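Okay, so here's the structure we're looking at.
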Amino acid sequence: MTRRRKIYEGKAKILYEGPEPGTIVQYFKDDATAGNGAKKGTITGKGVLNNRISEYLMLQLSEINIPTHFIRRLNMREQLVKSVEIIPLEIVVRNVAAGSIVKRLGLDEGKKLPRPIVEYYLKNDELNDPLVLEDHITTFNWATLQEMDEIVSYTLRINDFLRGLFAGIGIRLIDFKLEYGRLWKDDEFHIVLADEISPDNCRFWDMASGEKLDKDRFRRDLGKVEEAYQEIARRLKIIPEKKFEVIESSNPEHME
Ligand code: 5GP
């Protein structure tokens, strides 16, 4: 058994010190929270599926030259990533009105937006991740104007690419949240995509039926939560057509 130093435990993931300097192990939990921790639960198999889905999407993005923190998947629940200095922002892109923008601006859920909207939220649980402007970001030095230009440009490219990828498997990409970090190399750094891309931080609607296939099923008590995550993995051909079962060691300290 390998003992590793835990660096951070979040709501859905644990970060451990990686085997080589400059690396981190991301462990994906089945725990789910909503409303900034107000609602808590478990989605069986979620961690295993998100590990695979995020691996697949990060590798696809590398193919179109988006720099990411992803190195390789280690086992069913863990992946090795580059250690980055996280920019304390959540970057949300919206193609269709859903979630918080519906409440904030009184829009109809499902209304197609004339063009993708990029929003910034400060990562701060105590403040409930407030919406912030570029002026706040640069004034308080959370990121520079140049970094924001790069982040927005990557984000719009990622949105275009993922919209096409998901449309190809009959899924509408409604919105999603990204996080970025600074990767230091020889006294210089560049911006890379970090965190994960999975049904935990994207809204996916089935094109034919309009059915929600993401964490909103948990947030809104819609039932068939596990099935939604499995359906995304199945359509991406990450898991086979037959019933998906999680067979694994339950010990998060143990690496394959
Ligand atoms: P909204 O602002 O409508 O609640 O969320 C917009 C999109 O970003 C949704 O796809 C949602 O899943 C994602 N998102 C926003 N904030 C968070 C967050 O704190 N954690 C996660 N996992 N996703 C988020």
- Name the shape class, rounded, prolate or oblate, that the alpha-carbon gyration tensor gives for the stretch 59-179, where a ≥ b ≥ c are the square roots of its eigenvalues, rounded holds for a/c under 1.5, and otherwise prolate holds if a/b is larger than b/c and oblate otherwise. oblate
- Item | Percent of Cα pairs exceeding the 17 Å cut-off, where the set is the stretch 1-102 | 62 percent
- How many angstrom lie between the C-alpha centres of the stretch 160-182 and the stretch 102-156? 16 Å
- Compute the Cα gyration tensor for the stretch 94-154, then decide on rounded, prolate or oblate, letting a ≥ b ≥ c be the square roots of its eigenvalues: rounded whenever a/c is under 1.5, prolate when a/b is larger than b/c in the other cases, and oblate in all that remain. oblate
- As a check on your grasp of the helix formula, calculate [θ] at 222 nm for the chain: sum -39500 (n - 2.57) over DSSP H runs of n ≥ 4, divide by the residue count, round to the nearest 500. -8000 deg cm²/dmol
- Message: Give me the count of lysine pairs in the stretch 47-186 whose alpha carbons sit under 30 angstrom apart, restricted to pairs 8 or more positions apart or on different chains.
- Response: 14
- Query: How large is ³J(HN,Hα), in whole Hz, for each residue of the stretch 146-158 in order, when computed from phi with the Karplus curve 6.51 cos²θ - 1.76 cosθ + 1.60 and θ = phi - 60°, using x for Gly and Pro?
  - Reply: 5, 5, 5, 4, 5, 4, 5, 5, 4, 4, 5, 5, 4
- Taking the Cα centre of the chain as origin and charging only Cβ (+1 Lys, Arg; -1 Asp, Glu), how large is the dipole, in debye to the nearest 20? 880 debye
- Quick one: grab Rg to one decimal and Dmax as a whole number for the chain, Cα atoms only, in Å. 17.8, 53
- Global geometry of the stretch 180-243, whether rounded, prolate or oblate, following the gyration tensor of its Cα atoms and the 1.5 cut on a/c: prolate
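None of the figures in this text is laboratory data; all of them are computed from the coordinates on show. It should be emphasised that the depicted structure is a prediction, and the values quoted were computed from it without experimental measurement. So basically every Cβ, Gly included, is an ideal-geometry build from the backbone, and we count neighbours across all protein chains shown.
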